[in-house]
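Colleague: Pasting a structure here, questions to come.
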Amino acid sequence: MPRTLVVVAVDAERAALGARCLGSIEVEVLVAGIGRTNAAAATAVAIASARIAGRPFAAALSAGIAGALPGSGLAPGELVVGECCVYAEEGIELPGGFGDMAALGFPLGPFPGNRVPAARELRDAFARLGRMAPIATVATCSGTDAAALRVRDRTGAVAEAMEGAAVVHAALRAGVPGLEVRAISNTTGDRPAQRWDMPAAFAALGRAGDAIASLAAG
């Protein structure tokens, strides 16, 4: 899997990927900033620039930390491989509840509703790294029980983060296979009751980084 783009939000996530990943000549790790706009714009620019330079990317990965949603059974330090990335906010509020983009009647892309598919070959390559499940992409993190349940019920996801769907969506538009990989750093729900373990999450990102480097090396 030559020339892999890995998009993270902050420097700490980049460092956690580890020396093997950061030192690989076939991996480029990009710190894009927090949120969907930063992630999508940075991914699109990186893919276009690499093509112009004659060194195109064969894959684009969104990597970083995430919060476990209620009922997921996930604990800090576990890895989740995104079966798909699900936009949590895009849609319409109806008298009967939330409707996604399919209910609104406008497509976000060549995929159903709000669910941006991961590339099958990348899902297969990373299947043993952690649990395979949908990951929600949110604009507002869940700091109350009601918010966390709302994200879970809207998306069917096991975890939430702020960039994955944007990275994979931008890659899809550019014809580059995409995938999201997340290390659980915390539980979601009422903020005072959340459980956090950043060292465990960063250690898990190191395992993900090793896997990315191995696959990029072929």
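Colleague: So, counting K/R as plus one and D/E as minus one, what does the shell of residues with Cβ under 9 Å around I135 add up to?
Modeller: Net charge in that neighbourhood comes out at -2.
Colleague: Say we join alpha carbon atoms closer than 10 Å with springs in a Gaussian network model of the chain; which of R36, R173, R182 then has the biggest fluctuation?
Modeller: Highest fluctuation of the listed residues: R173.
Colleague: Expressed as an acute angle from 0 to 90° and rounded to the nearest 10, what is the orientation of the C-alpha long axis of helix 164-173 relative to the principal long axis of the chain?
Modeller: So the inclination is approximately 60 degrees.
Colleague: Same structure again: Considering only protein heavy atoms and a probe of 1.4 Å, how much of the accessible area of the chain is carbon and sulfur, as a whole percent?
Modeller: Details: 5330 of 9340 Å².
Within the chain, the accessible surface is 57 percent carbon and sulfur.
Colleague: Please give the per residue accessible area of segment 126-218, computed with a probe of 1.4 Å over protein heavy atoms only, in Å².
Modeller: Heavy-atom SASA per residue in segment 126-218 reads 40 Å².
Colleague: Can you show me the helix-derived [θ] at 222 nm for the chain, built from DSSP H runs with n ≥ 4 at -39,500 (n - 2.57) apiece and divided by the number of residues, rounded to the nearest 500.
Modeller: Here the helix-only value at 222 nm equals -11000 deg cm²/dmol.
Colleague: Moving to a separate point now. May I ask for the angle, rounded to the nearest 10°, between helix 145-155 and the longest principal axis of the chain, with both axes built from Cα atoms and the value confined to 0 to 90°?
Modeller: Helix 145-155 and the main axis of the chain meet at about 70 degrees.
Colleague: Let me ask something else. For A53 and D124, compute 0.36 nm times the residue count separating them, minus their Cα-Cα distance, and round to one decimal in nm.
Modeller: 22.6 nm
Colleague: What are the ³J(HN,Hα) values, in whole Hz, obtained from phi via the Karplus relation 6.51 cos²θ - 1.76 cosθ + 1.60 with θ = phi - 60°, for each residue of segment 62-68 in sequence order, with x given for Gly and Pro?
Modeller: Going residue by residue, I get 9, 9, x, 8, 7, x, 6 Hz, with x marking Gly and Pro.
Colleague: Which of these, S185, S62, S72, has the largest mean-square fluctuation under a Gaussian network model of the chain (Cα springs below 10 Å)?
Modeller: S72
Colleague: Report ³J(HN,Hα) in whole Hz for each residue of segment 8-13, in order, from the Karplus equation J = 6.51 cos²θ - 1.76 cosθ + 1.60 where θ = phi - 60°; Gly and Pro get x.
Modeller: Using θ = phi - 60°, the values come out as 10, 8, 9, 4, 5, 5 Hz.
Colleague: For a quick check: with amide H placed at 1.01 Å from N, whose amide H comes under 5 Å from S62's, ignoring anything fewer than 5 positions away on the same chain?
Modeller: V7, L179, E180, V181
Colleague: Now for a different question. Tilt of helix 36-52 relative to the longest C-alpha principal axis of the chain, in degrees (0 to 90, nearest 10)?
Modeller: Roughly 20 degrees between the two axes.
Colleague: I've got another one for you. How many percent of Cα pairs in segment 127-218 exceed 16 Å?
Modeller: 63
Colleague: Let me ask something else. Nothing charged except the Cβ atoms of Lys and Arg (+1) and of Asp and Glu (-1): what's the magnitude of the dipole of segment 144-218 about its Cα centre? Round to the nearest 20 debye.
Modeller: On the way: 8 positive and 8 negative charges, 22 e Å.
So the magnitude is around 100 debye.
The values are calculated or read from the model by the stated rules, or taken from the named source; none is laboratory data. Note that the structure is a prediction, hence the values are computed from the model and not measured. For neighbour counting, all protein chains shown are included, and Cβ atoms are generated from backbone atoms with ideal geometry for every residue, glycine included. SASA here: full protein model, heavy atoms, side chains in, ligands and nucleic acids out. Shrake-Rupley method; radii C 1.70, N 1.55, O 1.52, S 1.80 Å.
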